[in-house]
Amino acid sequence: MTLPLRRMLLVFLLAGSPVFAQPADKPARPQAPAAQDRNILLRNNSESVLRELYLWNGPPRETGPDRLGADVVRPGASFALRLGRGPCQMEMRAVFEDGSAEMRSGVEVCTQRELVLDDRNTRAVEVVNNTDVELMQLFLARPGVVGPDRLGAATVPGSDSFNLRLRGETECRFEARAVFRGAPAETRQQVDLCASPRIVFGDASVPLREVTVANRTRRVLRELYATTGEAWGADRLGATVLNPGQSFLLRIRNPACRMRLRAVFADNPVEERTEVDICGGEPIAFAPARRVTLVHAHGRAVREVYLSAVQDSDWGENQLGERPMASGERRELMSDIPCEADLRIVFDNGNAEEARNINICTRAEITLRPGWVLE
């Protein structure tokens, strides 16, 4: 075999060897989808305020931050969620104002543009408060589980009702416990909300009495109590106060018409009354207990008169209002201060005179004349 022929045969054999064979093309490695910003609009189509919202990836206990931050989403409102980049399937937990929560798995946050929360998976329950005090909290308990206050930020006034929604509950029977303002709690055992979605507290057969209470004193009426028993019970004004001249409709369930009333004013003076008729239709007025008559025997007109308790640090309001006292005039002052009082008069020229430690219970008439402060 000639040398050229040998070389050709060697090249042919080496070309077929695995060592020098050309590798086949490898299949392309699958590429992960490009991460994208996940922006989604949250719509609250429920009848409850959405308080917290959690969206996360991973174990159920690792919920991450509240996506609402310091905000809440009211019924019918929307909230723009900017979740940044990450997986498209997320876990969700929504917490509403009453403490109830809704869980969802596999929420799509990349292609889905809206996340809608509504009341399709809830049960409506009517809460009836047939007492005459404000219902502050309501707890529904199952064995070993008490749960949140179902009223949330709401309260139920006496002789009123409230509609709440049970979210994520499949049980029918609960122990219902109501907490009232200034009154003992009330518990209902084995309440079947599937048979009747209604919880009633109090006794509607007890008559509901209504009477107007007027504050005709010069002090703020801060608390008002009404009772037929030994304990005064709840403050009937609740979070409100009665300023001078204001009135309040007292609504109270009681079989009897005669009650005891207790009024507590600013700076803590107290007035109590017994055998008050709440059925007669006449307003109950808290008026000044003291009457002082001033007789003006000075030569100049009196522009201002101040009457205050000896322990008060200021004189208070001008008792004459906008109408000065002319010489020879008599004027009756009404006061709810104690017997020991200080009196100050200011003339039309700005000069003033003061008398200290006057007993207005024994001295119901005071004549303003030269030297009266020494009498």
Item to check | Scope segment 75-101; condition surrounded by 19 or more Cβ atoms within 10 Å (Cβ to Cβ), touching a residue at least 60 places away in the same chain (Cβ under 8 Å) and in a strand (DSSP E or B); matching residues | outcome: Phe96
Item to check | Qualifying residue in segment 147-159 (condition: among the β-branched types (Val, Ile, Thr), over 20 Å from the mean Cα position of the chain (by Cα) and open to solvent by 20 Å² or more (accessible area, probe 1.4 Å)) | outcome: no
Item to check | Residues located in segment 257-293, provided they are of a type outside the set (Gly, Ala, Ser) and modelled with pLDDT under 85 | outcome: Asp267, Asn268, Pro269, Pro288, Arg290, Arg291
Next on the checklist: Given (1) part of a strand (DSSP E or B); (2) acidic (Asp, Glu); (3) open to solvent by less than 60 Å² (accessible area, probe 1.4 Å), identify the lone condition not met by Glu210.
Outcome noted: (3)
Checklist outcome for this item: Residue pairs qualifying under the 9 Å Cβ cut-off, at least six apart or on distinct chains, with the first in segment 191-215 being in contact (Cβ under 8 Å) with a residue 12 or more places away in the chain and closer than 15 Å to Asp160 by Cβ and the second being among the aliphatic types (A, V, I, L, M) and exposed (fewer than 12 other Cβ atoms within 10 Å of the Cβ), are Glu210/Leu249
Item to check | Enumeration of residues in segment 294-332 that are crowded, with 18+ Cβ neighbours inside 10 Å and either of a type in the set (Phe, Trp, Tyr) or at pLDDT below 85 (or both) | outcome: Tyr306
Checklist outcome for this item: Exactly one of Val107, Val125 is in contact with a Lys or Arg (Cβ under 8 Å, 6 or more places away or on another chain), open to solvent by less than 60 Å² (accessible area, probe 1.4 Å) and not in a loop (DSSP other than H, G, I, E, B), and that residue is Val125
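In segment 129-161, how many are among the hydrophobic types (A, V, I, L, M, F, W, C), assigned to a loop (DSSP other than H, G, I, E, B) and under 27 Å from Trp232 (Cα atoms)?
Pass one, segment 129-161, residues among the hydrophobic types (A, V, I, L, M, F, W, C): 133, 135-136, 138-141, 145-146, 151, 153-154, 156.
Right, trim to assigned to a loop (DSSP other than H, G, I, E, B) and you get 133, 146, 151, 153-154.
Within this subset, residues satisfying the condition of being under 27 Å from Trp232 (Cα atoms) are 133, 151, 153-154.
Number of matching residues: 4.
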Item to check | Pairs where the first residue, in segment 271-290, is touching a residue at least 60 places away in the same chain (Cβ under 8 Å) and assigned to a loop (DSSP other than H, G, I, E, B) and the second is surrounded by 15 or more Cβ atoms within 10 Å (Cβ to Cβ) and polar (S, T, N, Q), C-beta under 6 Å, 6+ apart | outcome: Pro288/Thr217; Pro288/Ser335
Next on the checklist: Just to check your reading of the model, which residue among Gly202, Gly238 is small (Gly, Ala, Ser), buried (at least 16 other Cβ atoms within 10 Å of the Cβ), over 20 Å from Cys279 (Cα atoms) and out of contact with any strand residue (DSSP E or B) (no Cβ under 8 Å at 6 or more places or on another chain)?
Outcome noted: Gly238
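Just need a number here: residues in segment 241-269 that are open to solvent by 20 Å² or more (accessible area, probe 1.4 Å) and farther than 30 Å from Ala204 by Cα. If you could, list the steps in order and put the result at the bottom.
Let us first name the residues in segment 241-269 that are open to solvent by 20 Å² or more (accessible area, probe 1.4 Å), namely 241, 243-249, 251, 253, 255-258, 260, 262, 266-269.
If we keep only those that are farther than 30 Å from Ala204 by Cα as well, we get 243-245, 266-269.
Qualifying residue count, segment 241-269: 7.
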Checklist outcome for this item: Within segment 335-351, residues over 14 Å from His296 (Cα atoms), open to solvent by 50 Å² or more (accessible area, probe 1.4 Å) and either at pLDDT below 90 or not in a loop (DSSP other than H, G, I, E, B) (or both) come out as Pro338, Glu340
Item to check | Checking Arg363 against (1) modelled with pLDDT of 90 or more; (2) open to solvent by 50 Å² or more (accessible area, probe 1.4 Å); (3) over 17 Å from Pro244 (Cβ atoms), the condition it does not meet | outcome: (1)
Item to check | Residue under evaluation Gly182, criteria (1) open to solvent by 40 Å² or more (accessible area, probe 1.4 Å); (2) at pLDDT 90 or above, criterion not met | outcome: (2)
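The values are calculated or read from the model by the stated rules, or taken from the named source; none is laboratory data. Source: prediction; values computed, not measured. Cβ atoms come from the backbone with ideal geometry, glycine included; neighbour counts cover every protein chain shown. Each accessible area value is taken on the protein alone, full model and side chains, heavy atoms only, with ligands, DNA and RNA left out. Shrake-Rupley method; radii C 1.70, N 1.55, O 1.52, S 1.80 Å.
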